[in-house]
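*Asks:* Here's a structure for you.
Each reported figure results from applying straightforward, stated rules to the coordinates on display, with no laboratory input. If you're wondering where the values come from, they're calculated on a predicted model, not measured in any experiment. Backbone-built Cβ (ideal geometry, glycine too); neighbour counts: all protein chains shown.
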Amino acid sequence: MRTKYFYELQTIIGFFVIVIFSLSPLKVYSQDVKQTEERMMRQADENIEKYRKGDITIQFITPDGKPLRNATVEIRQKTHDFLFGCIIFDLIRGENPYKPELFKERFKKIFNLAVFPFYWPGYESRQGFTQWEAMLPVIDWCKLNGITTKGHPLVWATQSGMPQWLSEYNVNETEELLKTRVLNITSGFRDKIELWDVVNEPIHVRTWKNKIRNFNDENDWDISESIPLVADYVEDALRWAKQGNPKATLLINEYRTLADESSRKSYELLLKELKKRNAPLSGIGIQAHEPRQEWFSPIEVWKTFDLYWGMGFPIHITEYHPQSSGVPITGIWRSGSWTPEAQVESTEQFVKLCFGHPGVVSINWWGFSDRNIWLPGGGLVDEEYRPKPVYLMLDKLINQTWKTSISANTGNQGTVSFRGFFGEYDIVVSKPDGNIEVFPVHVSKKEENKWVFTTH
């Protein structure tokens, strides 16, 4: 059995592994690649300091209005405003989830966002019989632990997104059934789920009507449809979801935009069309695992973020899980194999780019454990939920490097000032008389972040 020490050691080693590449036009540690990556990581770090933190000033006064002098203050950040997430399907699917308590323990340590499965064939395999009740205990656990909840997807015009019984109906009938589904789910989970992937992969699959007309055709992928026709059914779905839950954050979700210029452009055209129609789109989802096994160029990643952020859309990285299974790395930026070390290095690089770009508001892993995952070796923990090196690296980034923990003294003015990451805090004051008081605050990008607290 591998121990925690083994994994920590493996992580440390991984940071210093240099792989020699011979086939790629751009060698992994060629001077150009190395300089580019170093430059972009410096930019990301500068942006993290600039965009993910704010200036905070807190004054403490006594009941008679005088400054509380020379008190010790512990500034303890509890949560992030930025959303670090993962799918939580393992706790929903199946009657007896594997080691659910250990799964929860590992999950909540680094994640504050959980994605729930609403694929129509699984959620309603028989018409009128849904997984409604199976969702509730896990949603309640998330709420109890301060974890934001998200549903995925409401509309997906593929074999994987449509139950077989839908084939018994004509186009108009299926549209009514789809409308009912979207309204029922968004309204029914109104107080339970805050974010929705409303339409999944619209620029790479058929429109809803065309899929119904070709229901049994399994050739669902990389199909180019007219942007106005795509926008028709996407707009309808967004308006239904808005009607069901006016306060929800509504997204559409797409793949290949980080690596393919034509996909990036098609997505841009769809977004422009939806903006022109004033569709209730809150933000956009970008998948980060297609083409599969690709090590994404940091240049293209940043270029993509700039494009969509420039259009005014907050960006959610919806699906990400580089592998550790030894399969070849694809693309021209890096080559070699997806080892545990490569998984660590690529993840650290990509997460820093996301956290360092002002347009990105969340990043979500598409699988927590190697036990049950789409791309083998893409988990953050192994099949027994033991942390892999990539989990340990993320834990350090999220809970140490990017979390504010400071000790200060109020001095003669009763004031402490500092710069901290956005999120929820406990401000713990130890007064000269030995008494301790705790003041909760939310450091927000949208607020001035100045407080005056009266101690008792």
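*Asks:* Can you give the % of DSSP beta bridges in the chain that are antiparallel, to the nearest 5? Working shown, then result.
*Replies:* Numbers: 30 of 69 bridges.
That works out to approximately 45 percent antiparallel.
*Asks:* Using 0.36 nm times the number of residues separating ILE299 and SER337, minus their current alpha carbon distance, what extension gain do you get? List each step's numbers first, then the result.
*Replies:* Values: separation 38, 0.36 × 38 = 13.68 nm, distance 2.12 nm.
Computed gain between ILE299 and SER337 is 11.6 nm.
*Asks:* Also: Which order do the peptides 156-166, 120-130 take when ranked by the mean count of other beta-carbon atoms within 10 Å per residue, highest first?
*Replies:* Working: 156-166: 18.4, 120-130: 14.7.
Going by the mean number of other Cβ atoms within 10 Å, highest first, we get 156-166, 120-130.
*Asks:* Also, I was wondering about something else. In Å and on Cα atoms, what radius of gyration and Dmax does segment 227-341 show?
*Replies:* Taking only Cα atoms of segment 227-341, I get Rg and Dmax of 16.1, 49 Å.
*Asks:* Of the GluC sites (Glu not before Pro) in segment 210-275, which ones lie in a loop per DSSP and count no more than 15 other C-beta atoms within 10 Å? Intermediate results must be reported in sequence, preceding the final value.
*Replies:* On the way: sites: GLU218, GLU225, GLU235, GLU254, GLU261, GLU268, GLU273; in loops: GLU218, GLU225.
Counting only loop positions with at most 15 other Cβ atoms within 10 Å, the GluC sites (Glu not before Pro) in segment 210-275 are GLU218.
*Asks:* Among (1) 23.3, 72; (2) 23.9, 77; (3) 33.9, 120, which one is Rg and Dmax of the Cα atoms in Å computed from these coordinates?
*Replies:* Calculated Rg and Dmax of the Cα atoms in Å: the matching label is (2).
*Asks:* Quick check: net charge around ASN145, other residues with Cβ under 12 Å of its Cβ, Lys/Arg +1 and Asp/Glu -1? Could the numbers behind the result be given before it?
*Replies:* On the way: positive: LYS78, LYS104, LYS108, LYS109, LYS143; negative: GLU105, ASP140.
Charge balance in the 12 Å sphere: +3.
*Asks:* Modelled label-to-label distance, ARG69 and ASP426, 7 Å Cα→beta-carbon offset: nm?
*Replies:* Between ARG69 and ASP426, the label points sit 3.0 nm apart.
*Asks:* Which whole-number percent is the relative contact order of segment 324-456 (Cα, under 8 Å, 6+ apart)? Present the calculation step by step, with values, prior to reporting the outcome.
*Replies:* Working: 132 pairs, mean separation 16.7, N = 133.
Answer for segment 324-456 is 13 percent.
*Asks:* Neighbour counts of other C-beta atoms within 10 Å: give me LYS143, LYS108 arranged from fewest to most. Numbers along the way, then the final one.
*Replies:* Numbers: LYS143 13, LYS108 16.
Ordered by Cβ neighbours within 10 Å, fewest first: LYS143, LYS108.
*Asks:* How far, in degrees from 0 to 90, does helix 340-356 lean away from the longest principal axis of the Cα atoms of the chain, to the nearest 10?
*Replies:* 80 degrees
*Asks:* Of all chymotrypsin sites (Phe, Trp or Tyr not before Pro) in segment 34-113, which ones are in loop regions per DSSP and have a Cβ with at most 16 other Cβ atoms within 10 Å? Intermediate values should be presented prior to the final figure.
*Replies:* Working: sites: TYR51, PHE60, PHE82, PHE84, PHE89, TYR98, PHE103, PHE107, PHE111; in loops: PHE82, TYR98, PHE111.
Hits after loop and neighbour filter: TYR98.
*Asks:* What nm value, rounded to one decimal, do you get for the distance between TRP451 and LYS272 when each label is placed 7 Å out toward the C-beta?
*Replies:* According to this spin-label approximation, the distance is 4.6 nm.
*Asks:* For SER417 and ARG42, FRET efficiency with R0 = 30 Å and r from the beta-carbon atoms, rounded to 0.05? Intermediate results must be reported in sequence, preceding the final value.
*Replies:* On the way: r = 27 Å, r/R0 = 0.89.
Result of the calculation: an efficiency of 0.65.
*Asks:* Only sites in a loop by DSSP and with at most 11 other Cβ atoms within 10 Å count here; which trypsin sites (Lys or Arg not before Pro) in segment 170-259 make the cut? Before the final figure, lay out the partial values.
*Replies:* On the way: sites: LYS179, ARG181, ARG190, LYS192, ARG206, LYS209, LYS211, ARG213, ARG239, LYS242, LYS247, ARG256; in loops: ARG190, LYS192, ARG206, LYS247, ARG256.
Listed in order of number, the matching sites are LYS247.
*Asks:* At a Förster distance of 35 Å, what's the computed FRET efficiency of LYS99 paired with GLU49, Cβ-Cβ distance as r, to 0.05? Write out the running numbers ahead of the final one.
*Replies:* Details: r = 39 Å, r/R0 = 1.11.
The pair LYS99/GLU49 has a calculated efficiency of 0.35.
*Asks:* Right, something else. Work through the residues other than SER346 whose Cβ is under 12 Å from its Cβ and net out their charges, Lys, Arg +1 and Asp, Glu -1. Kindly include the intermediate steps, with their values, before the conclusion.
*Replies:* On the way: positive: ARG334, LYS352; negative: GLU37, GLU294, GLU341, GLU345, GLU348.
Neighbour charge sum, excluding SER346 itself: -3.
*Asks:* Mind pulling the angle between the C-alpha long axis of helix 298-310 and the longest principal axis of the chain? Nearest 10 degrees, somewhere in 0 to 90.
*Replies:* 90 degrees
*Asks:* Sticking with the crude label model, points 7 Å out along Cα→Cβ, report the distance from ASN172 to LYS34 in nm, one decimal please.
*Replies:* Distance between label points: 6.8 nm.
*Asks:* Can you compute the helix-only [θ] at 222 nm over the chain? Use -39500 (n - 2.57) per DSSP H run of at least 4 residues, normalise by all residues, nearest 500 deg cm²/dmol. Mind showing how you got there, number by number?
*Replies:* On the way: 12 runs with 157 residues, N = 456.
Rounded to the nearest 500, it is -11000 deg cm²/dmol.
*Asks:* Additional query: Based on the Cβ-Cβ distance of SER407 and LYS109, what FRET efficiency does E = 1/(1 + (r/R0)^6) give at R0 = 25 Å, to the nearest 0.05?
*Replies:* On the way: r = 24 Å, r/R0 = 0.95.
Computed FRET efficiency for SER407 and LYS109: 0.60.
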